[in-house]
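Here's the structure we're looking at; comments come further down.
Values in this text are rule-based calculations from the coordinates and carry no lab data. All figures in this text were calculated on a predicted structure; none of them were measured in a lab. A quick note on method: Cβ atoms are made from the backbone with ideal geometry, for glycine too, and the neighbour counts reach across all protein chains shown.
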Amino acid sequence: MSNQQIISVADLSFINKALRDINVDLSAVQSGLGTLNYKQEQIESELLQLANTFQKFVDEDTKHKALQLAETRIGNLKQELNTKYGYYAEVRRMATGILQAVDTGTVSNDTLKFTTEEVMIKAPGYWLAPALVAISSWIRNDKDFANRAIDESLKRDDYKTTLFFMLVMRRLKRNDASFKWLERYFMHQNPKNLDREFIIVLEAIATGIFHPNSRSLMMSNVKKWLDQLTQSDNFIDEQKTQWNKYFKASKPTSEEMYPLLEQFAENWDKLDISLREVRTHEILYHHFNKIISLSENSKSTIVQLDEILSLLVTKFDDEELPLQEKVRLQELIIEKDGDKKSAQEMVDAERFIFEEEVDFLQLLTNACFNPELAGATTATQALAVSISQPWIVEAHETFTAKIRNETPPSFKINIEGFNAISKNGDNEKELLKKQAIYYDNITKKKIEENGFPIGATIIGGLLCLLGGWLCIDNLIIGVAVLAIGIVLIWVNLNNLSKARNNIRENIQERHTKAKEVLRGCLAEAVDYRGEHATEDKKAEKLDELLNAITPEDFSSISRDTSRNII
Amino acid sequence: MAKILFGKSDFNLNPKKQETTKFVKANTQDFYKKRSKKYMEIIAGLDDESLTKTRGFDDFMEIIQEEFGTAELSSLPQGIVSKCFLGHPYEVHILDLVGNQILKHYKSGQSMEPSFEKARNLAMHHMYDIVEVYTDKIILIKSDGSTIKYT
């Protein structure tokens, strides 16, 4: 009996210890699992942040590399232009050089003859070389030689030669001869298919340097063409499409003013594009305002004629166009801080500038977009804007309507799987309530997942029963078994309570953070709508500015006329 | 200065103002002519009551046909979308010129037929009083009756 008692006590103590150990281990495992879950979520969130930061770094690095590459390429391309067409530069400088030398009478006829004839040999096939020979022959009264040189020049490039002599004759105040050259020029022109150098005529209108007769001829042709091309929608619609592309390409880059929306709004891409596009109205307002404010000109006729002559001889050699187009792309990449996509958008909008032949309305559009590349000055740009004004206004109205229509009507926010939809960020109370329900549900679900320890409790219960039964036979053993049962149940219930508290605390912490994020997103949404509305109003301001432009404001009257009137 | 540059007074650079020029194709340009005050008023004053009363709809259609100069359905808008003044939760309504139900009101979040849905945002914008939806285009009408070609 006593042996039996000793063995029994020893066995129970061992079982008791083993069960306690198991419980402690189970508790540790449960608590560990809870911590692991929490850490995993934390790691996921940190990983997402890291991925975003890394993506930003990659984007910035790509832009930086594109910028560096563009800077290198632009140098190489300019070098190539210089190598391939550099010999033209000497001839070009000579054009105005000869005329200015004749003005001052400082160069002998022999020098002129020698220099221009040398150019003929140095620049084979180039239209300007025989044109210069013609001028030098004409100065020294060598009619036959002059005629032969003019024939050759016309053969090489009829239109440029014609415009060149029209300008030279005007510079020499031989107005009748200038008029005849102009007449000859217009005889061959088709408004649906003009050479790029026609812009020189617009430049002449904008600067008012021509004699009334010539000017009247230019004006009547321009008017006739405008009437002809604006009869149907086709030509105007094409220009409107291009203006639309130009407006889109003028949008600024992202400013990262709404970091929370950027991270949590599922429709951020659309929201971002809409904001950038609506900010374009302000940029365009300054752009057009600058154009129309720069139209003052106080230069003398001779200086302006020399400038136009320079433009004619430097800007319209078609063989240089492909290289010029490449240079432009690199320039834009630099201008847009390495953003190749934005640069390409602008190149696409401007692509007709590099076409050899365009219709008259396109020529106007080219002068509006980029007068320098189109071969004109800002005076012509202002005139072109004023003539194109009706379809610029229409294109801008359509552009504005498109922004308004494509602006997402609501913010689709997703914070840790909680989807919130807000129109203007003004439904904070309602969304916070929904968010609280969302986290309550998560808590409930997680608690359900961390279920009641039925097995351990049954074992505990059975031990209690066994203990109670054993008490009849042996009080000590019975009490010991009963105690083990109770401890087992208590430890399990205690662990369950701890694990559930852990879950509640974790989710509560997540909820608190998410609440702040949601509030931040909604505050940003309010600011976004405010900024959008302010920028949207600027569209009307720009329309007012554009509607006030008239061609009369930007086409200088003939200076001869004004002198006559005075 | 104006006379010196684009001298003749009949010279007109604005394609919108060329309706009287003989070369202009009336059927393309007419869509974009300025809408009359009468048209703007009848659209603004529309409600279920005015449409259902005796001759209400017929009177309305007469004004529409007069505005567009034709009774051909293909030349008229499929429908006209504008802001709904019934108040919350209603957002926009469609005046359906080809369907059975003349005036349909839509609540916020309630989807419209796809051909009209694309006009919803524009109709809700304060700058446009009316959005005319055609089979091949959308025309926006401002409060002064001036038109904007959208697509």
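At a glance:
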{"read-out": "Length-normalised contact order for the stretch A:322-382 - Cα pairs under 8 Å, 6+ apart - percent", "value": "21"}
{"read-out": "Between helix A:158-171 and chain A: long-axis angle, C-alpha atoms, 0 to 90°, nearest 10", "value": "70"}
{"read-out": "Table column - 3J(HN,Hα) (Hz), the stretch A:328-335, Karplus curve with 6.51, -1.76, 1.60, x for Gly and Pro", "value": "4, 4, 5, 4, 5, 4, 5, 4"}
{"read-out": "Degrees, to the nearest 10: A:175-187 long Cα axis against longest axis of chain A", "value": "50"}
{"read-out": "Nitroxide proxy distance, nm - points 7 Å out along Cα→Cβ at A:LYS444 and A:LYS429", "value": "2.4"}
{"read-out": "Between helix A:2-104 and chain A: long-axis angle, C-alpha atoms, 0 to 90°, nearest 10", "value": "0"}
{"read-out": "Proximal charge balance of A:GLU416 [Cβ under 15 Å; K/R count +1, D/E count -1]", "value": "+1"}
{"read-out": "Relative pair counts by distance (%), Cα atoms of the stretch A:232-374, 10 Å bins", "value": "9, 30, 34, 18, 6, 2, 0"}
{"read-out": "Cβ-derived FRET efficiency at R0 30 Å, A:ASP348 paired with A:ARG140, nearest 0.05", "value": "0.05"}
{"read-out": "Shape of the stretch B:88-142, Cα gyration tensor, a/c cut at 1.5", "value": "oblate"}
{"read-out": "Cα gyration tensor, the stretch A:110-236 - rounded (a/c under 1.5), prolate or oblate", "value": "prolate"}
{"read-out": "For chain A: relative contact order, % (alpha-carbon pairs under 8 angstrom, 6 or more apart)", "value": "21"}
{"read-out": "Charge dipole of chain A about the Cα centre (unit charges at C-beta), most positive-ward option of A:LEU321, A:VAL393, A:LEU545", "value": "A:LEU545"}
{"read-out": "Rg to Rh quotient for the protein assembly as shown, alpha carbon positions, Kirkwood Rh", "value": "1.23"}
{"read-out": "Chain A: calculated mean residue ellipticity at 222 nm from DSSP helix runs of at least 4, using -39500 (n - 2.57)", "value": "-27500 deg cm²/dmol"}
{"read-out": "Among A:ALA95, A:LEU48, A:ASN147 - extreme Cα towards positive end, dipole of the stretch A:43-195, charges at beta-carbon", "value": "A:ASN147"}
{"read-out": "Magnitude of the charge dipole, the protein assembly as shown, Cβ model with Lys/Arg +1 and Asp/Glu -1, debye to 20", "value": "740"}
{"read-out": "Relative contact order, percent, the stretch A:204-325 [alpha-carbon distance under 8 Å, six or more residues apart]", "value": "28"}
{"read-out": "Nearest-0.05 FRET efficiency for A:LEU47 and A:THR72, computed from C-beta distance (R0 35 Å)", "value": "0.45"}
{"read-out": "Share of alpha-carbon pairs per 10 Å distance bin for the stretch A:359-441, given as whole %", "value": "15, 25, 15, 11, 15, 13, 5"}
{"read-out": "Listed residue (A:MET219, A:GLY461, A:SER342) projecting farthest to the positive dipole end of chain A, Cβ model", "value": "A:GLY461"}
